[in-house]
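These notes concern the structure reproduced below.
The values are calculated or read from the model by the stated rules, or taken from the named source; none is laboratory data. What you see is a predicted model, and the numbers here were worked out from it, not measured in a lab. Every residue, glycine as well, gets a Cβ built from its backbone with ideal geometry; the counts of neighbours run over all protein chains shown.
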Amino acid sequence: MKTNSDGFYLASFVSLGRYNLTISQKGFTSVVRENVEITLNQTRVVDVTMNPTGVSAAVTVTSEAAPLNTTNGEIAGTLNSQQILDKPSRAQTSAAPTRY
């Protein structure tokens, strides 16, 4: 039995009883439903979710640590000219001068 283009299937005139269903499709894991009981005048719905097989993903993150000064406690860095211009100066603030 095969599904239609929307993934639905219909099995008409199934004899009464218990059935084991195996649902499979290339590229997906198989799904088994055991003891599906069909009784008189019944419409039985068996929904399944199939997961793709052979799909894998890998993410590799690499980074280099910034050099660490282990000789003394000095913390140093550099600023480019735009970063220097973006820094506030004493002339730009109206607050009392800060003592350094």
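What number of residues within the range 27-80 satisfy the criterion of being surrounded by 10 or more Cβ atoms within 10 Å (Cβ to Cβ), among the hydrophobic types (A, V, I, L, M, F, W, C) and under 30 Å from residue 3 (Cβ atoms)?
8
Consider only pairs whose beta carbons are under 7 Å apart and that are at least six residues apart or on different chains; among these, list those whose first residue lies in the range 4-15 and is more than 14 Å from residue 39 (Cα to Cα) and whose second residue is of a type outside the set (Lys, Arg).
9/1; 9/3
Looking at this structure, is residue 40 outside any loop (DSSP other than H, G, I, E, B) and either at pLDDT 85 or above or at positive phi (or both)?
When the stated conditions are applied, residue 40 does not pass them.
Hey, can you tell me all the residues within the range 9-37 that are over 30 Å from residue 56 (Cβ atoms) and not in a strand (DSSP E or B)?
Scanning the range 9-37 gives 10, 11, 12, 13, 14, 15, 16.
Could you count how many residues in the range 29-52 are within 14 Å of residue 17 (Cβ to Cβ), of a type outside the set (Asp, Glu) and free of Cβ contacts under 8 Å to residues at least 24 places away in the same chain?
So the count comes out to 5.
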